[in-house]
Amino acid sequence: MTDIQRIQFEAQGYLTLPGALSDAELAEIQEAAAMAEALWRSDTTRLGMRTAALHQVQAPIEYDDRLLALLWHPAIFPTVRELLGDDVTMIDNDLFLTPPRTTKTHADWHHDVGMQGIYHPRSLVMLKVFILLSDVNENSGGTTVLPGSHRFPMDFKLPKAENPRKLPGAVQLTGKAGDAYLFNCRLYHCAVNNDSDHWRRVLIHNYGHFWMKVWQGYEPSARLLADAQASGDPVRKQLLGIGDAYGQRLTG
Ligand SMILES: O=C(O)CCC(=O)C(=O)O
């Protein structure tokens, strides 16, 4: 990480990684995501929300190994590891599809971590990476953050905003397909309405520390675990939770 990235993440709680995927990688990932989406749509017993505001392909890493390998993508994962530490692991992963012309957000202002026994304003417990699979401008909905709010005291009362866009200080994260951004999950964030005629497509990878449990519903399948074991790749194994809860960490 550069000094400016370290300062930005520490002060603002988020970072943008423009052009994280090359054009060729983006095309591959868009194809893999489209196949996952088609499977998910064809079988309504598959996990994930199906609401007017959000279609959620839960655990896309189970659908295609190209989506799995994004967890340790060389333009993204080294930053995640540097920020969280060598005990980094995967907590959950999603493919979010926001329909055009939504009238209500699927996620009002919130943060993701409230674990007890942790002083959150000084801690990095979870970190989320968003990889854009469609262009997102200010009309296409998507993540909006309140910079610096990861440091707010535990009892901070966030003002109510009837329209989530209007929260004072809010910054919408826009970008091109292939761009990524990440944030400390203690940062207040929301999804604003998609006012455009286009679907928003984004992959979300949530990382935490190895001693944490994977989010319920996202436990890697026996197939993914067996493949990770067989690969002998320490990063792949650790990200899928293979190892002892305490003391497991990447070296080298
Ligand atoms: O769809 C978005 O950009 C917001 C996602 C969100 O709120 C979350 O992952 O906690």
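The values are calculated or read from the model by the stated rules, or taken from the named source; none is laboratory data. Quick caveat, the model's predicted, so the values are computed rather than measured. Don't worry about glycine lacking a Cβ; one is built from the backbone with ideal geometry, like all the others, and counts go over all protein chains shown.
Hey, among Gln248, Gln216, which residue is assigned to a loop (DSSP other than H, G, I, E, B) and touching a residue at least 12 places away in the same chain (Cβ under 8 Å)?
On the way: Gln216 fails: touching a residue at least 12 places away in the same chain (Cβ under 8 Å).
So the residue among Gln248, Gln216 that is assigned to a loop (DSSP other than H, G, I, E, B) and touching a residue at least 12 places away in the same chain (Cβ under 8 Å) is Gln248.
Given the criteria closer than 18 Å to Thr143 by Cβ, free of Cβ contacts under 8 Å to residues at least 60 places away in the same chain and either acidic (Asp, Glu) or touching a strand residue (DSSP E or B) at 6+ places or on another chain (Cβ under 6 Å) (or both), does Val80 qualify?
no
Among Trp211, Trp199, Trp215, which is the only one that is aromatic (Phe, Trp, Tyr), more than 12 Å from the ligand (Cβ to nearest atom), surrounded by fewer than 19 Cβ atoms within 10 Å (Cβ to Cβ) and within 17 Å of Asp94 (Cβ to Cβ)?
Within the list Trp211, Trp199, Trp215, the selection yields Trp199.
Tell me the residue from Val113, Val129 that is modelled with pLDDT under 95, within 13 Å of the ligand (Cβ to nearest atom) and closer than 29 Å to Val235 by Cβ, please.
Matching residue, one of Val113, Val129: Val113.
The rows are residues; the columns are (1) within 15 Å of the ligand (Cβ to nearest atom); (2) within 17 Å of the chain's Cα centre (by Cα); (3) buried (at least 23 other Cβ atoms within 10 Å of the Cβ); (4) not aromatic (Phe, Trp, Tyr).
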site	(1), (2), (3), (4)
Asp155	no, no, no, yes
Lys166	no, no, no, yes
Asn194	yes, no, yes, yes
Asn206	yes, yes, no, yes
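Just checking, which of Glu62, Glu37 is out of contact with any strand residue (DSSP E or B) (no Cβ under 7 Å at 6 or more places or on another chain) and either of a type in the set (D, E, K, R) or in contact (Cβ under 8 Å) with a residue 24 or more places away in the chain (or both)?
Glu62
Run Leu182 past the list (1) buried (at least 19 other Cβ atoms within 10 Å of the Cβ); (2) more than 10 Å from the ligand (Cβ to nearest atom); (3) assigned to a loop (DSSP other than H, G, I, E, B) and report the number of the one that doesn't hold.
(3)
Among the residues of region 125-142, are any within 18 Å of Leu203 (Cβ to Cβ) and hydroxyl-bearing (Ser, Thr, Tyr)?
Looking through region 125-142, at least one residue is within 18 Å of Leu203 (Cβ to Cβ) and hydroxyl-bearing (Ser, Thr, Tyr).
Looking at Leu173, Leu124, which one is among the hydrophobic types (A, V, I, L, M, F, W, C), within 30 Å of Asp23 (Cα to Cα) and at pLDDT 95 or above?
Leu173
Are there any pairs with C-beta distances below 6 angstrom linking a residue in region 125-141 that is within 14 Å of Met90 (Cβ to Cβ) to a residue that is of a type in the set (Gly, Ala, Ser) and more than 13 Å from the ligand (Cβ to nearest atom), with the two at least 6 apart or on different chains, and if so which?
Taking only residues 6 or more apart or on different chains, the pairs are Met126/Gly208.
Criterion first (away from the ligand (no atom under 11 Å from the Cβ) and at pLDDT below 95) does Ala161 satisfy it?
Criteria met by Ala161.
So if I check each of Gly252, Gly142, which one is modelled with pLDDT under 95 and within 22 Å of Arg6 (Cα to Cα)? Explain how you work it out, then say what you get.
Working: Gly142 fails: within 22 Å of Arg6 (Cα to Cα).
Criteria check complete, one pass: Gly252.
Scanning region 58-107 for residues that are more than 16 Å from the chain's Cα centre (by Cα), among the polar types (S, T, N, Q) and buried (at least 19 other Cβ atoms within 10 Å of the Cβ), which turns out nearest to the ligand (Cβ to nearest atom)?
It comes out as Thr105.
Do the conditions hold for His55, that is, is it buried (at least 19 other Cβ atoms within 10 Å of the Cβ), under 26 Å from Ala27 (Cα atoms) and touching a Pro at 6+ places or on another chain (Cβ under 8 Å)?
Answer is yes for this residue.
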